[in-house]
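Worksheet: one structure, shown below.
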Amino acid sequence: MRKKQIFFGKVLFLFLLAFSSVSAMASDGNAQPRYRTLIPQPASVAPDPAGEVFTLTSRATVGHDASLRAQALYLQDVLAASTGWDLPLTENVRKASVRLVIDTVKVTRPEGYRLEVTRKNVTVCGHDAAGVFYGIQTLLQLFPDKVYSRERQHDTAWEAPCVVIEDAPERPWRGMMLDVARYFFDKEFVKKYIDMMAMYKLNKLQFHFIDDSGWRLEIKKYPRLTEVGAWSGPDHQRLGGYYTQDDIREIIDYAAVRSVEVIPEIEFPAHILSAVVAYPWLSCTGQQHEVPGQHFISRDLLCVGKESSIRFLRDVLDETIGLFPSKYINIGGDEAVYTRWESCPDCRKVMEREGLTKASQLQGYLTNMVAQMMKEKGRTVVGWEEIFMRGKVSTPVVGLIWHNVSDTIHATRNGHKAILTPATHTYLDFPESHTPGEVKAATWMPPISLEKIYSMDVNDYSAEQSTVLGVQGCLWSDQFIHGTVLQEIPYLDENRSERYAEYLTFPRLLALSEIAWKRQSERDFNDFRRRLRHHFAKLDAKDCGYRVPEPEVVSLKQTADGGFEYTLASPVEGAEIRYTTNGRYPTIHSPLYTTPVRVGEKADFCALTMVTPRHYSLPLREAPDYSAYKRYGEYTGQWKSLQIQPVGATRLRMECTGKISGNGNYEIAFVGTRGTNSLKVKDIKIFKRNEQVAEGKAVPDRTDDKTSVFSFAIDSFEAGTPFFVTLTAEAVGGNDTEGLVFVGKLEK
């Protein structure tokens with residue numbers, strides 16, 4: 001009897017051990033198998049019917065084709081950091097535990113891979129080195145999240161579910177643009193950014209080196225570009241920096257292992273003031289300027305009529321392509337204002353010689369010259385869509401469509417290619433929401449939510465036949481980093497600017513990666529959001545910052561007594577939800593959400609997602625409903641009785657960036673909503689930065705005791721530039737008055 005009990009106990013123990021091993025290995029939280037949480041989602045996933053697992057041990061080896069040594073070293077490094085094991089590398093692939101091979105017969109599509117995980121071994125088979133690397137990324141997502149840590153993790157079962165995954169990208173161009181010109185990010189952050197792109201299978205980095213605010217690339221023939229053009233401000237407040245050519249080589253080598261092509265952007269003819277400061281003879285006027293310390297779009301252009309300027313451009317491009325192996329060279333080309341060219345005698349001579357009737361056509365002339373020059377060197381010119389919209393360009397180029405997606409039609413008709421990067425969906429320097437408390441960010445267009453990015457139209461197509469090569473996101477640094485608000489303090493070894501960049505990039509980059517990788521017809525945002533909840537722990541392990549999503553409302557029911565019942569879910573696996581029922585923002589000390597919560601009014605309920613006591617979301621709360629005031633435009637601000645002096649005039653200033661979205665005619669309305677008194681508004685002035693650009697004129701037929709409406713016109717709009725309105729307000733009969741302010745653009 002005793003022997004039977006011992007035998008039964010052993011069997012039960014082994015059964016429970018095996019069950020727990022399979023369960024833990026195969027899933028992450030909520031019993032979700034890890035192969036069901038992959039981002040971007042693979043084309044084909046076939047799990048093992050028996051639910052078996054592969055266990056990585058210290059005795060494992062990594063076998064690789066001779067051409068894949070760099071990828072094998074990459075995998076060895078990732079696994080060594082987290083497991084503490086330096087797994088041996090071998091070219092004897094057949095006997096290895098983890099096998100990295102290239103087979104163009106088994107995997108036919110470029111960048112494609114086949115990942116087979118069995119109980120005994122793992123095989124990553126790629127069409128090419130990029131395909132093998134992407135197979136490695138999928139394999140890493142199958143292991144516990146701690147595999148991404150740079151510190152050794154103890155007591156972790158390094159298990160992956162047995163599965164066969166076949167996958168390949170739908171689009172050859174899956175990119176991000178990093179703006180290091182407006183704000184200089186150091187080399188190590190750039191490498192980290194590349195690493196995070198590669199983790200989610202993005203393959204193109206547009207390196208925005210040049211802008212009015214800084215020149216970041218060392219050009220040995222023109223040393224003043226970095227000696228002078230890379231810095232702004234006095235010594236004690238000096239901002240800037242640049243990459244040496246050795247830095248660039250290091251970044252390129254780092255990116256190449258991760259299958260990321262680094263594409264240099266040398267911006268011209270506009271956004272080049274930093275070069276003009278260093279060499280004034282590059283511009284039409286030859287005037288001396290200073291490198292600006294705040295966001296600024298200079299009117300100075302590279303003079304297209306001077307041979308010295310063209311020679312400079314040729315020298316810089318030659319030295320640049322000597323550094324970068326990319327087959328693409330980006331020349332910028334956006335937001336040029338042509339007044340300097342119009343008044344320049346040298347530029348006018350070129351116009352006469354070439355038979356051009358408009359100064360804007362000089363941009364097409366310059367683009368075509370450079371495109372032909374680069375074609376002779378085996379490179380293809382890329383630039384913002386203006387490069388083929390301003391004059392005739394006969395040499396094929398690739399346009400980044402940021403302003404008007406329909407401009408892809410123009411590209412098709414003229415033999416060019418296009419990349420979709422619309423500001424409405426892929427500019428990550430815009431905030432995710434209007435929620436008070438969002439970080440300082442661009443406001444010249446509406447916020448871009450995670451769902452908005454994911455919903456972007458990217459038609460399914462054959463890459464060989466389509467005009468559109470793919471998708472690219474952009475992270476501009478002019479709005480949220482320039483100045484002193486978010487600057488790092490080197491003396492304290494702070495990296496707050498990098499954290500802000502990560503906050504705006506993640507998790508939206510994951511949505512971008514999936515729309516770039518998958519067919520549009522196969523996308524499902526709800527499924528993506530379900531998978532996303534398991535990726536925040538991976539970002540934590542990578543020490544990558546991110547914006548924590550607000551709690552998800554599973555259901556909202558009206559109760560019998562007229563109140564409301566909220567049922568919530570955490571959007572981050574393992575994170576808590578804290579809430580209040582008095583309308584105030586929750587804190588780490590607020591009640592912990594465990595069951596549905598009832599409130600009398602929607603406005604009484606607030607909740608936030610708490611990953612840690614120092615990392616949590618903005619609150620989920622009922623936004624005010626301004627639909628009744630839609631005829632006045634967009635909500636811009638408000639006034640309350642405490643702001644208004646009971647006697648005499650009160651000066652008020654409100655930001656209306658984003659509400660002013662372009663040149664045109666506008667109205668600003670002051671609508672009283674509460675109080676026994678009214679407000680008399682006058683002296684309306686509109687400022688762009690600190691420059692007055694318009695003055696409001698009263699609209700008598702739209703004004704009464706409670707409402708005042710003023711009209712104004714904008715004819716010098718600049719994207720990304722802050723706008724403000726100032727006014728004088730006087731209380732009539734007392735300051736018991738409250739109201740709302742709206743700005744609306746009038747239809748043509």
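The values are calculated or read from the model by the stated rules, or taken from the named source; none is laboratory data. Just so you know, these numbers come straight off a predicted model, no measurement behind them. Here the Cβ is made from the backbone with ideal geometry for all residues, glycine too, and neighbour counts use every protein chain on show. SASA here: full protein model, heavy atoms, side chains in, ligands and nucleic acids out. Shrake-Rupley method; radii C 1.70, N 1.55, O 1.52, S 1.80 Å.
Of the residues that make up segment 260-276, is at least one at pLDDT 95 or above, in a helix (DSSP H, G or I) and surrounded by fewer than 19 Cβ atoms within 10 Å (Cβ to Cβ)? There is no residue in segment 260-276 that is at pLDDT 95 or above, in a helix (DSSP H, G or I) and surrounded by fewer than 19 Cβ atoms within 10 Å (Cβ to Cβ). Out of curiosity, is Gly415 part of a strand (DSSP E or B), closer than 29 Å to Pro110 by Cβ and either modelled with pLDDT of 95 or more or not aliphatic (A, V, I, L, M) (or both)? No; evaluated as a whole, the condition is false for this residue. Could we say that Lys697 is within 30 Å of Ala719 (Cα to Cα), surrounded by 20 or more Cβ atoms within 10 Å (Cβ to Cβ), among the basic types (Lys, Arg) and touching a strand residue (DSSP E or B) at 6+ places or on another chain (Cβ under 6 Å) here? Judged against the criteria, Lys697 is not a match. Summed over segment 235-259, the residues that are open to solvent by 50 Å² or more (accessible area, probe 1.4 Å), over 19 Å from His295 (Cα atoms) and either without any contact (Cβ under 8 Å) to a residue 24 or more places away in the chain or part of a strand (DSSP E or B) (or both) give a count of 4.
Conditions (1) surrounded by 18 or more Cβ atoms within 10 Å (Cβ to Cβ); (2) within 26 Å of Lys440 (Cβ to Cβ); (3) at pLDDT below 95; (4) touching a Lys or Arg at 6+ places or on another chain (Cβ under 9 Å), marked per residue:
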{"residue": "Val548", "(1), (2), (3), (4)": "yes, yes, no, no"}
{"residue": "Glu565", "(1), (2), (3), (4)": "no, no, no, yes"}
{"residue": "Leu568", "(1), (2), (3), (4)": "yes, no, no, no"}
{"residue": "Pro571", "(1), (2), (3), (4)": "yes, yes, no, yes"}
{"residue": "Asn582", "(1), (2), (3), (4)": "no, no, yes, no"}
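If only residues of segment 131-153 that are out of contact with any strand residue (DSSP E or B) (no Cβ under 8 Å at 6 or more places or on another chain) and open to solvent by less than 20 Å² (accessible area, probe 1.4 Å) are counted, the one that is nearest to Ser67 (Cα to Cα) is Gln137.
Quick grid of which residues meet (1) part of a loop (DSSP other than H, G, I, E, B); (2) out of contact with any Ser or Thr (no Cβ under 8 Å at 6 or more places or on another chain); (3) small (Gly, Ala, Ser):
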{"site": "Asp701", "(1), (2), (3)": "no, yes, no"}
{"site": "Asp704", "(1), (2), (3)": "yes, yes, no"}
{"site": "Phe712", "(1), (2), (3)": "no, yes, no"}
{"site": "Glu718", "(1), (2), (3)": "yes, yes, no"}
{"site": "Thr721", "(1), (2), (3)": "yes, no, no"}
{"site": "Ala731", "(1), (2), (3)": "no, no, yes"}
{"site": "Gly734", "(1), (2), (3)": "yes, no, yes"}
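For segment 621-658, residues that are open to solvent by 40 Å² or more (accessible area, probe 1.4 Å), farther than 16 Å from Val681 by Cα and not small (Gly, Ala, Ser) total 12. Here the condition is being farther than 30 Å from Gly563 by Cβ and touching a Cys at 6+ places or on another chain (Cβ under 9 Å); of Gly662, Gly633, Gly672, Gly637, it holds for Gly637 alone. Within segment 722-739, if we keep just the residues that are under 29 Å from Asp429 (Cβ atoms) and crowded, with 20+ Cβ neighbours inside 10 Å, the residue that is farthest from the chain's Cα centre (by Cα) turns out to be Val725.
Taking strands (runs of 3 or more DSSP E) as the structural unit, those lying wholly within segment 582-686 and holding at least 3 residues that are small (Gly, Ala, Ser) and touching a residue at least 60 places away in the same chain (Cβ under 8 Å) correspond to 664-674.
Kindly check whether there is at least one residue in segment 475-495 that is in contact with a helix residue (DSSP H, G or I) (Cβ under 6 Å, 6 or more places away or on another chain), among the hydroxyl-bearing types (Ser, Thr, Tyr), modelled with pLDDT under 90 and part of a loop (DSSP other than H, G, I, E, B). No, segment 475-495 contains no residue that is in contact with a helix residue (DSSP H, G or I) (Cβ under 6 Å, 6 or more places away or on another chain), among the hydroxyl-bearing types (Ser, Thr, Tyr), modelled with pLDDT under 90 and part of a loop (DSSP other than H, G, I, E, B). In segment 720-747, the residues that are under 18 Å from Glu691 (Cα atoms) reach residues that are in a strand (DSSP E or B) and among the aromatic types (Phe, Trp, Tyr) with C-beta atoms within less than 7 angstrom, at least six apart or across chains, in these pairs: Phe723/Phe687; Phe724/Phe687; Thr726/Phe687.
Please report, ordered by residue number, the strands (runs of 3 or more DSSP E) entirely within segment 154-234 with at least 1 residues that are of a type in the set (S, T, N, Q) and open to solvent by less than 10 Å² (accessible area, probe 1.4 Å).
By residue number, 204-208.
Taking segment 186-213 on its own, how many of its residues are modelled with pLDDT of 95 or more, small (Gly, Ala, Ser) and closer than 19 Å to Asp334 by Cα? The qualifying residues number 0.
When Lys106, Lys120 are checked against the criterion of being open to solvent by 10 Å² or more (accessible area, probe 1.4 Å), closer than 27 Å to His534 by Cα and in contact (Cβ under 8 Å) with a residue 12 or more places away in the chain, a single residue qualifies: Lys120. Collect the residues in segment 519-546 that are farther than 19 Å from Ala43 by Cα, open to solvent by 40 Å² or more (accessible area, probe 1.4 Å) and in a helix (DSSP H, G or I), keeping them in residue-number order. Correct list: Ala537, Asp540.
Regarding Gly399, is this residue assigned to a helix (DSSP H, G or I), among the small types (Gly, Ala, Ser) and open to solvent by less than 10 Å² (accessible area, probe 1.4 Å)? Here the answer is no, as Gly399 does not meet what is asked.
Enumerate the strands (runs of 3 or more DSSP E) found wholly within segment 49-139, keeping only those where 1 or more residues are within 28 Å of Ile252 (Cβ to Cβ).
The strands (runs of 3 or more DSSP E) meeting that bar are 62-64, 98-102, 113-117, 122-126.
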